[in-house]
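Novice: Below: one structure in structure tokens.
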Amino acid sequence: MNDNANPRVVLVAITKHGAEQTADLARLMPQASVCVADKFVSLMSGLGNPVRAYSGAFRDEIAALFADFDQIVFFVSLGAVVRLIAPHLKNKDEDPGVLVVDDAGQFVIPVLSGHVGGANAMAEEVAALLGVTPVLTTASDVGKTIPVDILGRELGWKVEAPK
């Protein structure tokens, strides 16, 4: 994983509506890459963002996205994302942050690696850019307490779990 200060971000869509939403967010996040089906590449014209076009089954793209990015923002239904990423999950120290923006563009939901992978912070950033609501469900965020799994990260501390 890359450092959390400059995460490698990709915005992903598999439908025309999702690609339109992706393009809107990409304009606000010029550092982010975009991943869409090749039939939607024309919707990305005028963007300065790097565009990854795919053809064929989208599920075949997930391994590369997990390897190449620290944050993956899906404009895809939550259930579909869960099924797509499930075979690729390793652990919270290796998995990228995974987020979903709902089809109505009202909510940003961190799905995977909320603290360690930075998905919760990215959800708040994306939600602020879009003017929508981040849906944070981790206990420390809900309870407004310190997330133990990243306590001291800014100081270079590392959490070691017993084997």
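The values are calculated or read from the model by the stated rules, or taken from the named source; none is laboratory data. No experiment lies behind these values; they were computed from the predicted model shown. Please note: Cβ atoms are built from the backbone with ideal geometry, for glycine as well, and neighbour counts cover all protein chains shown. Surface areas here come from the heavy atoms of the whole protein model, side chains and all, with no ligands, DNA or RNA. Shrake-Rupley method; radii C 1.70, N 1.55, O 1.52, S 1.80 Å.
Novice: Determine the dipole magnitude for the stretch 46-128: charges of +1 sit on the beta-carbon of Lys and Arg, -1 on that of Asp and Glu, nothing else is charged, the reference point is the Cα centre, and the result goes in debye to the nearest 20. Mind dumping the intermediate values first?
Specialist: Working: 5 positive and 11 negative charges, 41 e Å.
The dipole magnitude comes to about 200 debye.
Novice: Along the charge dipole of the stretch 1-114, Cβ charges K/R +1 and D/E -1, which of G46, L65, P110 sits furthest on the positive end?
Specialist: Value computed over the given set: G46.
Novice: So, in nm, how far is label T133 from label D68 when the simple model puts each one 7 Å beyond its Cα toward the Cβ?
Specialist: Spacing of the two 7 Å Cα→Cβ label points: 3.5 nm.
Novice: Sorting check: for 24-37, 7-20, 57-70, which peptide has the highest mean count of neighbouring beta carbons within 10 Å, and how do the rest follow? Don't jump to the answer; show the numbers that get you there.
Specialist: On the way: 24-37: 18.6, 7-20: 20.9, 57-70: 15.5.
Result, highest mean first: 7-20, 24-37, 57-70.
Novice: To the nearest 20 debye, what charge dipole does the stretch 2-95 have about its Cα centre, counting +1 at the Cβ of each Lys and Arg and -1 at the Cβ of each Asp and Glu? Mind dumping the intermediate values first?
Specialist: On the way: 9 positive and 11 negative charges, 54 e Å.
Roughly 260 debye, rounded to the nearest 20.
Novice: In addition: Determine the share of the stretch 1-98's accessible area contributed by carbon and sulfur atoms, expressed in whole percent, with a 1.4 angstrom probe.
Specialist: Values: 2430 of 4790 Å².
Carbon plus sulfur share of accessible area: 51 percent.
Novice: Can you bin every Cα-Cα distance in the stretch 16-119 into 5 Å intervals starting at zero and give me the percent of pairs per bin, rounded to whole numbers?
Specialist: 2, 12, 23, 27, 22, 11, 3, 0
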